[in-house]
Amino acid sequence: MTTHMPPSTTHISPPAAPMTRDPAARHRQRAPGPYDRDPLERWARPALWAILAMAAVLYGWRVWSLSGNSYYSAAVLSGAHSWKAFFFGSLDAGNYITVDKPPLALWISALVARVIGVNGWSLVGPQVVMGVAAVAVLYATVRRSFGYRAALIAALVLTLTPITVAIDRDNNPDTLLVLLLVLAAWALQRALESGRLRRLLVCAAFVGLGFNTKMMQAYLVLPGFALVYLLCAKGSTVRRIGHLAAAGVTLAVSSAWWMLIVDRWPASDRPYIGGSTNNTVWDLVIGYNGLGRIFGASAGGSGAGQGANFGGTSGAGRLFNQIMAGQISWLIPFAVIALVVPVALRGRAPRTDRARSGLLLWGGWLAVHYAVFSFAQGTFHPYYSTAMAPALAALVGAGTVAMYQAPRRWSWALPLAFAVTGGWAFVVLRRTPSWHPWVAWLVAAATVAGVAGLVIARLAPRTRTRLALGAAAVGLVGSLAGPAAYATTTAFGGTGENGTNPTAGPATAGGMGGMGGGPRMSGRSMPTGMKPPTGGGAPQGGGAPSGGMAARGGPGGDVSTSLISYLEKNRGGATWLVAVSSAQSASSIILKTGEPVIAMGGFTGSDPAMTVAKLKQYLAEGKLRYVLLGGDNRGGNTTVTDWIKKNLTVVKATEYGGSTSSSTGSGQTLYRYNG
């Protein structure tokens, strides 16, 4: 098979014209439009805008009705009410405990919420903007190395990645993490081209911001980034090593500043650090959000891992299992071929070759993420894999163009990539045979047609250009049809709208795990009715009108409206409305009432945040009057629980309009302090 490119040409894209010192001329050379030598490139900009519009629709469809993860949504509301809660990332405005992640992602939503109130626009709207921005930055980065064709394909692949659609319709911090890491890759690409330290420092700063978004996960790009700079950047070896050392200093500063401030802050004057065992951010970094994710509970850290692998059993095949396959695995086989073949084609290129350095950059990103996500023993949610999407997209874009333009002896590569990818997509789709079965057969037909067309083009020289181009387009459609189907059903079918564990694709059963479309949890993680904080300092614009439904805080986290009304009427001057076992109940009550609620055991219910001495102090000082036990009391502090049962008075359900039983009806019991 040959194409419209000369057979001897192995460049991934036509060489760019030499850069000039004139800024306007440089812009004309870089920007897609009539200034470029390729007449087809005039369509690159409209095509990019079309892809960005598609991303905005997929990520932002009915955004006003989305509520996100109640855990982070409660922290957003609290941060919109209290600047102290804003800085620390506290779950509640009373600043009892923080969420178990750094607050950078929360800051963005909380600032928006202070202007327009706590609603879908402020909780999920910023994620939509960041998701679309990541697509645009990826396009700009890939275009510099591989040309506009590869960049457009990469942008389209990222837009249609199913788990990316699901997470960009949620308010977990992963969307911001992806944007920051793509920005870091953009800066690194510029550093590789110029050999200037400034660009590398910008790259390190973006990774540091990623650390303040999701801690150690941001560092997964570092091995690939450092290696590609050391091997491919301009300048002497000593110069490159010196630049990497300076970047390391920048990375340390941009990563650690918030942690150092918080850990040096008097513990008595700040919230407990959620997820830690000793009330420090450092312990959270190396434990629950660090080694605990890789090695499981044995690595230390409060609740680190607990063996809860929402993505299935660890191992080389995890990303291809029944849960994960439809989220991210569609194009992994293509990406592997798209990395190996183009690198081989660039074998005799100079050390600083732009295309090869780009391939190594994205290949290193993908390889490290694949290894860590596959073999991690700790808690692993499917949506973590969205961090792989930019690398997959870039490799698919670059590889498609490189293999299409490859000389005759490499003409087998592109049809092989399409065949393997289409075959795997057919397998994944047939795991849910009752869900739009025609999609699987469309993928099969497009794959066969694309592969056959590419093979025939090699044997029919007179029709090779048009036939090869058409066959490549059809093959690409076959490769993207499966992810596109999952992406659209996630956006328009509402199947991924679970804030705690968002996943993409068809919902084939209730509960978690075991179905082809990925795990599902019944119900939404946050009530539709939300109130702004009361008692002064409510965010401008208020919140959504309060509904008459019970607050939902996860399994065992139901709290009746009548109970909430009772607590509001009898709270008195207490700082906190009530203390509950974990964040599952606390976050939903916070969102329902706008009042501070103590989550004694943090997110998992097992944080050692509450002690008997601290509880006695809160009760004696009038900062707390009521404690609600049961329901989601998972692994809580039994010493504190026993003290509560022995020393506080049970509130009968009849006092707040419930049944004759002392239970609230969800396995929960309300206790009152009468001192």
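Quick grid of which residues meet (1) over 30 Å from THR386 (Cβ atoms); (2) more than 35 Å from the chain's Cα centre (by Cα); (3) acidic (Asp, Glu); (4) modelled with pLDDT under 80:
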| site | (1), (2), (3), (4) |
| --- | --- |
| VAL455 | yes, yes, no, no |
| ARG458 | yes, yes, no, no |
| THR463 | yes, yes, no, yes |
| ALA468 | yes, yes, no, no |
| VAL474 | no, no, no, no |
| ALA485 | no, no, no, no |
| PHE492 | no, no, no, no |
Handout entry: Checklist (1) touching a Pro at 6+ places or on another chain (Cβ under 8 Å); (2) open to solvent by 40 Å² or more (accessible area, probe 1.4 Å) applied to GLY594, failing item
Key = (2)
Exercise for the section: Looking at (1) out of contact with any Phe, Trp or Tyr (no Cβ under 8 Å at 6 or more places or on another chain); (2) within 30 Å of TYR404 (Cβ to Cβ); (3) touching a residue at least 60 places away in the same chain (Cβ under 8 Å), find the lone condition where ALA154 falls short. Expected result: (1)
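Taking HIS436 as the residue in question, decide whether it is in contact (Cβ under 8 Å) with a residue 12 or more places away in the chain, open to solvent by 60 Å² or more (accessible area, probe 1.4 Å) and within 30 Å of GLY311 (Cα to Cα).
Judged against the criteria, HIS436 is a match.
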Exercise for the section: Give the number of residues within segment 240-268 that are open to solvent by less than 70 Å² (accessible area, probe 1.4 Å) and either aromatic (Phe, Trp, Tyr) or over 29 Å from TRP107 (Cβ atoms) (or both). Expected result: 6
Practice task
Determine, yes or no, whether SER122 is more than 15 Å from the chain's Cα centre (by Cα) and under 30 Å from ALA74 (Cα atoms).
Solution key: yes
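Looking at segment 379-399, can you tell me whether even one residue there is touching a residue at least 24 places away in the same chain (Cβ under 8 Å), among the hydrophobic types (A, V, I, L, M, F, W, C) and surrounded by fewer than 19 Cβ atoms within 10 Å (Cβ to Cβ)?
No: zero hits.
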Exercise for the section: Could you look through segment 408-422, keep only residues that are open to solvent by 10 Å² or more (accessible area, probe 1.4 Å) and touching a Pro at 6+ places or on another chain (Cβ under 7 Å), and pick out the one that is modelled with the lowest pLDDT? Expected result: ARG408
Completion exercise
Counted residues in segment 553-590 being outside any helix (DSSP H, G or I), modelled with pLDDT under 90 and under 18 Å from GLY601 (Cα atoms) come to 8
Practice task
Out of the residues in segment 80-136 that are under 30 Å from LEU156 (Cα atoms) and in contact with an Asp or Glu (Cβ under 8 Å, 6 or more places away or on another chain), state the one that is surrounded by the fewest Cβ atoms within 10 Å (Cβ to Cβ).
Solution key: MET130
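Residues in segment 137-151 that are open to solvent by 30 Å² or more (accessible area, probe 1.4 Å) and either of a type in the set (A, V, I, L, M, F, W, C) or out of contact with any Gly (no Cβ under 9 Å at 6 or more places or on another chain) (or both): how many?
The qualifying residues number 2.
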Fill in the blank from the handout: Taking segment 221-239 and keeping only residues that are in a loop (DSSP other than H, G, I, E, B) and either loosely packed, with under 14 Cβ neighbours inside 10 Å or in contact with a strand residue (DSSP E or B) (Cβ under 8 Å, 6 or more places away or on another chain) (or both), one is left with SER236
Handout entry: Qualifying residues in segment 186-226 (those that are among the small types (Gly, Ala, Ser) and free of Cβ contacts under 8 Å to residues at least 40 places away in the same chain) - the one nearest to TRP257 (Cα to Cα)
Key = GLY210
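The values are calculated or read from the model by the stated rules, or taken from the named source; none is laboratory data. Predicted model only: the values in this text are computed from it and were never measured. As a convention, Cβ positions derive from the backbone with ideal geometry for all residues, glycine included, and neighbour counts pool all protein chains shown. Heavy atoms of the whole protein, side chains included, go into the accessibility calculation; ligands, DNA and RNA do not. Shrake-Rupley method; radii C 1.70, N 1.55, O 1.52, S 1.80 Å.
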